[in-house]
Each structure stands twice: as structure tokens, then as C-alpha cells.
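See below for the structure under consideration.
The values are calculated or read from the model by the stated rules, or taken from the named source; none is laboratory data. Only a predicted model underlies this, so the values are computations on that prediction, with no experimental measurement involved. Glycine also receives a Cβ, built like all others from the backbone with ideal geometry; neighbour counts cover every protein chain displayed. Keep in mind that these areas ignore ligands, DNA and RNA; they rest on the heavy atoms of the full protein, side chains included. Shrake-Rupley method; radii C 1.70, N 1.55, O 1.52, S 1.80 Å.
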Amino acid sequence: MSLFEKLLGPRRTRQAPETLAPARRQAAVEASASAHEAAHLLRAPTALMQLDEAEALTVVGFMKPRRFPAGTAIIRQGEASDTGFMVLVLEGEITVEAQRISRRDPVTLNVLGPGSLIGEMALVDGEARSATCLASTDVHCAVLTRDALETLTTEQPATAAKLMTAVAQRLAERLRENSQKLQVYAKLVQTLQQEVDRLMPTPDRRL
């Protein structure tokens, strides 16, 4: 039985985690070695390492296991109506792609494995998805919905606040990385323009 199947029991008996009584939810995750493993993945450097073990386990209790066959689009770029969830990869690989105006085919941005998070930006701001995430292999994951997050906020406000702070920090780090890349690209463009100007000087219009 896979981690996906063991996390919260057989598929036919699973309920939306936010509908469970708090005591039942807590007992289920504390007794599950697989839930502890999922919490460990949630604290990976590729996810939310700011959470401590107890906080991560609490968050896992509000996540619902999902399975996506290879080739499935888990998230689609531009999707604006289905943005209320983020995904923690437990098993398998996901390819992150983005469509560019200047290119016919999408550009591969990243390949993510266990311990990676996707979809956290739209969960926070509710805006359209910025990239497409495809299951490169069969993917087992845990999903945190906006409804579950609201219940977490009501029942465990301190943990919810820590979770959202960790997500915000992750997004800030990504923004900083993108800003640094833009600076490098700007310098590269400037250097190339200077080289073009040297090789092909602009004619003196006064002549």
C-alpha cells in the first residue's frame, strides 16, 4: 500500500478533512507513520521548512490525498475559476510549464519531485494560475483546499498564521530570485546592444 493510500485510510472511507471532528483528525494523523512522513516532506527545503514538526503534522491533518495519472494537468496556466488549493507532492514528478507569447511550444520552467509545493500563490491571492503543472509520472499528493485552510484558521489560528507566513516567505524568495534573473537578463541585453552598436555603428546623419 502506497503512502497515498495509507495517509488517511482507504479511498471509500475518506471524508473532507475539514469536516472531521478535531479530536478524530488529530488522533488519525498522530497514529499514522505515513502522516508523519508527509509532515516531514512538508518541512522540506523545497516546501515550508519554517514549520516545526507539530505544526506540519497539524497542517497534514487538513490535507486530502489525491492521485493524478501521468499526463494529467494538475494546474493549468490562466485558470481563474479553480484556484482554491495547493498541492504537496508525495510521490512522482511534476513538470512546470509556461506558455510564452513569442513561442509556439510551452517553456519548461522546472521539474518537481517529492517535498515540492505547487499552487500556493493562487491559494493566497485567488488570481489566475501563472503556469501549467503536468504529472510527468503517476503522482500521489496531498491537497490543501481553501475551505480546509479556513477551518484550520478557526481551529488552530496560530498554526494557520505560521503556515501563511511560511507561504508568504516562500513567495517572497521566489520573487527575489525572479528579480535577480531579470537584472542578469537586463545586463545581458545591454551588453549585447553595446556589441551590436560597436559592430554596426549608426551612420552619422550629418553626412
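Of note:
- Summing Cβ point charges (Lys, Arg +1; Asp, Glu -1) relative to the Cα centre of region 74-158 gives a dipole of roughly 420 debye.
- Solvent-accessible area per residue for the chain (1.4 angstrom probe, square angstrom): 60 Å²
- These residues, R174, R24, go from largest to smallest accessible area, 1.4 Å probe, as R24, R174.
- Mean-square fluctuations from a GNM of the chain, with a 10 angstrom spring cutoff on Cα atoms, peak among I118, I74, I94 at I74.
- Accessible surface of T165 - all protein chains present, 1.4 Å probe, nearest 10 Å²: 80 Å²
- Area accessible to solvent at K162, 1.4 Å probe radius, in Å²: 70 Å²
- Accessible area of the chain belonging to carbon and sulfur atoms, whole % at 1.4 Å probe: 54 percent
- 13 Å cut-off, amide nitrogen to a point 7 angstrom out along A21 Cα→Cβ, residues in region 138-153: none
- S34 - accessible surface, heavy atoms, 1.4 Å probe, Å² rounded to 10: 10 Å²
- Centre-to-centre separation between the Cα atoms of region 34-56 and those of region 123-174: 13 Å.
- Extension gain, R146 to S179, is 9.0 nm, computed as 0.36 nm per intervening residue step minus the present C-alpha separation.
- P(r) tail for region 84-150: Cα pairs beyond 15 Å make up 55% of the total.
- Simple label model, 7 Å out from Cα along Cβ direction - D138 to H36, nm: 2.7 nm
- Fraction of alpha-carbon pairs over 24 Å apart in region 12-157 - percent: 31 percent
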